[in-house]
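Peer 1: Below: one structure in structure tokens.
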Amino acid sequence: MLKQLEQAEQKWGGANALVDQWLNNRRKLLVYYCKLAGLAPYENRDKSLPCVDQVRSFCNLLVDYVSEGHFEVFNKVVDACDEQGQSNKALAQQLLPKIVETTDQALDFSDKYSELESDDLLYQLDKDLAELVHALETRFQLEDRMLEVLHNKKLAPTIN
């Protein structure tokens with residue numbers, strides 16, 4: 001996913017401040033995910049559970065990222081697509097429900113882990129992180145399809 005993010009940054013970076021901010025926040029989320037999951041280069045050599053504060057911080061980043069998409073970026077993308085024709089608007093309307101599914105999965109994860117009171121629930125974290133990462137991967141692919149439409153139609157500067 002980090003490679004896909006780098007490709008997205010190379011392709012669309014610098015074209016629009018909102019898109020740059022969005023991709024930067026995606027990077028923060030992915031890096032924190034790697035730390036929490038103990039993935040390279042953040043392997044957890046002693047195989048201990050992450051602390052509750054780390055999980056809560058990740059949940060906050062996750063909710064911020066999905067919220068930013070829904071309340072800032074997607075509306076502007078759909079508006080820009082609407083201005084440029086029905087086929088672009090239709091694609092955006094086709095992608096949004098699929099993105100909403102991934103939002104629901106992210107929010108379910110956050111609801112489960114953001115109010116941890118003890119370490120007991122953390123024993124389910126690996127399984128839940130594995131499910132979440134699949135939802136995030138799908139989400140990023142769908143978001144990138146929306147960005148591709150904007151880029152191909154030279155709309156990115158209009159969504160500031």
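Peer 1: Just grab the label-to-label distance for Thr138 and Gln21, each label 7 Å out from Cα along the Cβ direction, in nm (one decimal).
Peer 2: Distance between label points: 2.8 nm.
Peer 1: A follow-up question, please. Probe 1.4 Å, all protein chains in place: accessible area of Ser114 in Å², nearest 10?
Peer 2: My reading of the accessible area for Ser114 is about 30 Å².
Peer 1: Could you sort 115-122, 19-26, 128-135 so that the peptide with the highest average Cβ count within 10 Å comes first and the rest follow in order?
Peer 2: So the peptides 115-122, 19-26, 128-135, ranked by packing, come out 19-26, 128-135, 115-122.
The values are calculated or read from the model by the stated rules, or taken from the named source; none is laboratory data. None of the values given here were measured: they were computed from a predicted structure. Using ideal geometry, Cβ is built from the backbone for each residue, glycine included, and neighbour counts are taken over all protein chains shown. Just so you know, the surface numbers come from the protein's heavy atoms only, side chains and all, with ligands and any DNA or RNA stripped out. Shrake-Rupley method; radii C 1.70, N 1.55, O 1.52, S 1.80 Å.
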